[in-house]
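In what follows, a structure is listed as structure tokens, so that the remarks can point back to it.
The numbers here are math on the coordinates, done by the rules we state, and not lab data. Small disclaimer: the values here were computed from a predicted structure and weren't measured. When we count neighbours, we look across all protein chains shown, and the Cβ atoms used for this are built from the backbone with ideal geometry, even at glycine.
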Ligand SMILES: Nc1ncnc2c1ncn2[C@@H]1O[C@H](COP(=O)(O)OP(=O)(O)OP(=O)(O)O)[C@@H](O)[C@H]1O
Ligand SMILES: [Mg+2]
């Protein structure tokens with residue numbers, strides 16, 4: 001028991017936490033955009049799966065990780081266009097459209113994997129980049145500043161997303177179409193277009209989330225690689241109160257628990273692995289019950305917009 | 001100010017003409033063969049009962065609906081607007097009957113929304129704020145650019161709407177019942193604003209149910225009834241009664257409540273304190289009592305604590321001190337439902353937000369409170385036949401214009417929604433009623449009807465707190481008048497004790513003694 005709380009283990013747990021948080025950050029911050037504009041996209045997990053496959057396959061075939069990343073983003077964009085077409089243009093029920101998108105991503109990624117790759121292979125993913133000076137800070141340095149580029153980018157995304165939502169005209173439009181689309185429309189804002197763009201931003205980020213999983217975190221692809229991470233990301237949006245900073249908090253909390261249980265298993269601490277794996281999910285549910293602040297929920301969330309209804 | 005707006009200001013808006021407009025909704029022909037035009041620099045008023053089709057006509061001019069038939073001609077050029085964006089860039093602005101504001105954003109953000117920014121993709125709220133303050137001063141519109149819209153009273157929200165249009169510098173501004181929420185003094189100020197705008201070459205389309213306002217500000221007046229134009233008159237050659245005749249086709253009786261001996265004390269409010277949404281004290285020690293069979297009028301400019309008081313009485317807001325006694329029982333901590341069960345009723349100021357569910361049908365909205373009442377139940381099932389006949393009776397009695405009982409309430413015209421809520425609350429035969437702005441946005445015929453109903457309730461022994469910014473309404477109906485200013489009651493007067501001007505002074509914060517000695 002003594003060595004569990006040694007400095008090394010703690011630093012290991014934190015290091016894993018940072019890596020684990022990466023895909024959640026991409027996916028959940030993307031979902032913040034979609035939901036702030038009033039669209040719940042439950043298909044995040046499906047987008048992640050298909051993009052993770054695309055990134056892995058392209059990287060495997062070409063040997064170029066950046067091309068893999070690009071492929072993931074393109075797949076994300078296409079899935080985002082599909083989601084917005086169905087839920088914004090056709091005004092279909094968002095929850096159902098999202099689940100449909102998830103099934104599509106799940107099935108298609110699994111099929112393509114069987115046809116095009118066949119067996120589980122690994123590649124060499126993005127390598128850690130040590131930031132000079134910073135990584136020399138004792139204890140924190142190695143945890144924070146010895147990560148790969150996708151990890152840094154995920155954390156940079158938090159202030160960027162905050163800036164875009166709070167400080168730009170686009171962000172203001174996104175918020176207005178999620179809160180009161182009729183008001184936005186009456187000022188000449190194209191509600192559908194803003195929703196398309198927001199959903200697509202979310203989907204591209206979900207695509208990057210998938211890539212960060214397959215070519216940076218695990219460096220492999222297999223059936224249902226995400227195991228529901230996309231759904232956790234959606235939950236994190238509620239947990240984080242639709243704010244990028246809140247989402248960051250949620251992602252870190254979730255990941256630290258997850259990382260803790262992984263390390264416990266590695267160290268052979270005697271808890272049933274089922275219980276250990278359940279821990280982070282349980283925590284998510286509890287945290288959601290305690291923290292969700294409906295006041296901040298976009299008022300038009302889940303509501304298609306039709307002009308002249310007020 | 002956007003570039004287009006400046007151009008429009010320079011060239012003034014030309015003549016705008018709507019020709020033979022037809023617009024149908026399921027079950028209603030909202031406009032049929034309507035012709036309407038506005039000359040540059042003109043104020044053209046649009047009159048008509050609730051549901052006559054005024055808002056519908058204007059929404060077509062603002063690009064929100066497309067006419068089924070007919071044309072819109074601007075400066076001689078037939079135009080077709082695909083969206084409000086097109087109308088805005090043609091120099092048309094509209095202030096909507098139901099506010100088009102985003103409650104979670106600040107005033108400045110609402111004004112900036114959809115406008116190009118001087119810093120490209122980045123918001124320039126400082127510039128916007130400066131411009132708002134400039135405009136606000138120029139036109140005498142008191143606003144706080146940093147406040148969140150959800151914290152504002154209806155009157156304040158209206159000012160933001162007006163500012164939004166001014167900010168966009170529209171040449172032709174459509175005002176769909178802009179004065180419904182303002183006090184006489186505020187209306188006077190607003191009219192000064194309008195006159196200045198007209199002098200600069202703006203044209204205005206002005207919708208109101210208040211004839212004296214319409215006669216005071218307009219050059220021409222067009223009356224709509226049931227979607228058709230009844231006629232267009234020059235304001236200087238038309239009389240009030242002729243207009244009423246055109247609108248409703250019958251005489252309207254003046255209010256004349258018989259003096260009446262009030263009964264026992266029903267409701268007593270003692271030193272009530274409550275916080276407003278902005279975290280400041282909105283009620284600072286309010287005390288008054290209402291007896292049965294009495295109407296206590298509460299006059300005041302909106303935003304002086306009336307809304308908070310109504311909500312405290314209804315049980316929708318927590319008081320931070322003091323007591324509310326109903327029939328001698330302390331109900332300060334009772335829930336809304338407990339109060340309703342005790343016989344209190346509430347007609348809210350924000351009827352769309354607090355009084356109705358937009359997506360629900362007319363019938364469902366009638367039963368928001370009473371769906372659990374044994375009268376409308378068979379065991380655990382709802383008695384739909386009975387509910388339907390009850391809803392039918394209410395719709396008929398209150399002359400609510402609706403295509404059917406199953407129409408979602410959001411498709412009714414503003415005045416008809418108010419009538420329906422009124423019908424619902426009064427049909428429950430309350431012991432005590434809070435009526436907040438009960439006739440705001442309601443046409444003359446229906447106002448008369450609502451006033452009669454309130455007086456009937458008074459006859460029946462209901463105690464009524466009538467909150468209104470319409471001094472004529474307050475003076476006409478109330479047995480006693482309380483004047484509210486900055487969260488306090490400035491004084492309580494008997495009917496006939498003070499003139500409109502004196503009450504107006506007290507509404508502006510002048511002490512009672514001073515106001516009563518003023519001539
Ligand atoms: N979106 C809609 N769908 C269906 N019916 C509608 C819709 N909008 C308006 N109507 C109907 O069209 C008619 C005209 O409504 P409109 O809102 O133009 O009246 P109005 O003259 O503005 O009345 P008010 O003074 O009460 O505002 C009404 O019968 C209304 O029920
Ligand atoms: Mg109207």
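Taking every residue in B:95-102 and counting other chain Cβ atoms within 10 Å of its Cβ, the average works out to 5. Diffusion coefficient (Stokes-Einstein, Kirkwood radius over C-alpha pairs, 10 °C, 1.306 mPa s) for the stretch B:151-235: 115 µm²/s, rounded to a whole number. Just counting partner chain Cβ atoms within 10 Å, what average do the residues of peptide A:171-180 show around their Cβ? Taking the mean over all residues of the peptide, I get 5. The C-alpha atoms of chain A define a longest principal axis, and helix A:44-62 lies at about 60 degrees to it. Taking the convex hull of the alpha carbon positions in the stretch B:101-169 and averaging its projected area over all directions gives 4.2 nm². Largest mean-square fluctuation among A:268, A:63, A:118, in a Gaussian network model of chain A whose springs join Cα atoms under 10 Å apart, belongs to A:268. May I ask for the angle, rounded to the nearest 10°, between helix B:184-199 and the longest principal axis of chain B, with both axes built from Cα atoms and the value confined to 0 to 90°? Long axis of B:184-199 versus the principal axis of chain B: about 0 degrees. Neighbour counts of C-beta atoms inside 10 Å place B:283, A:267 in the sequence A:267, B:283, starting with the fewest. How much of the pair distance distribution for the protein assembly as shown lies past 34 Å, counting alpha-carbon pairs only, in percent? For the protein assembly as shown, the share of Cα pairs beyond 34 Å comes to 59 percent.
Using only the alpha-carbon atoms, how far is helix B:125-139 inclined from the longest principal axis of chain B? Give it as 0 to 90 degrees, nearest 10. Tilt relative to chain B: about 80 degrees. Springs join every pair of Cα atoms under 10 Å in this Gaussian network model of chain A, and among A:120, A:44, A:86 the largest mean-square fluctuation is at A:120. Which whole-angstrom value gives the distance between the alpha carbon centres of the stretch B:282-339 and the stretch A:172-250? Result: 44 Å between the Cα centres. Relative to the current alpha-carbon distance between residue A:91 and residue A:269, full extension at 0.36 nm per residue lengthens the span by 59.0 nm.
If the segment from residue B:323 to residue B:428 were pulled out straight at 0.36 nm per residue, it would be longer than the present Cα-Cα gap by 35.3 nm.
Look at the Cα gyration tensor of chain A: its axes a ≥ b ≥ c give a/c of at least 1.5 with a/b over b/c, and that counts as prolate. Across peptide B:114-126, the mean count of Cβ atoms from other chains lying within 10 Å of each residue's own Cβ comes to 4.
A straight line joining the Cα centroids of the stretch B:174-231 and the stretch A:1-59 runs 58 Å.
For the stretch B:265-516, what proportion of DSSP beta bridges, expressed in % and rounded to the nearest 5, is antiparallel? If we restrict to bridges inside the stretch B:265-516, about 55 percent are antiparallel. Prolate is the label for chain B, because the ratio a/c of its alpha-carbon gyration tensor axes (a ≥ b ≥ c) is 1.5 or higher and a/b is greater than b/c.
Annotation: extensible slack from residue B:371 through residue B:460 equals 29.5 nm (criterion: 0.36 nm per residue apart, minus Cα-Cα distance). If you look at the Cα atoms of the stretch B:265-516, you get an Rg and a Dmax of 18.2, 62 Å. Each DSSP beta bridge with both residues in chain B is either parallel or antiparallel, and the antiparallel ones are about 55%. Residues B:316, B:94, arranged from fewest to most other Cβ atoms within 10 angstrom of their Cβ, appear as B:316, B:94.
Beta bridges per DSSP, both residues in the protein assembly as shown: antiparallel share near 60 percent. Working from label points 7 Å from Cα in the Cα-to-Cβ sense, the residue B:261 to residue A:134 distance is 8.6 nm. Exposure proxy shown here: for B:335, B:106, the number of other Cβ atoms within 10 Å sets the order, fewest to most, as B:335, B:106.
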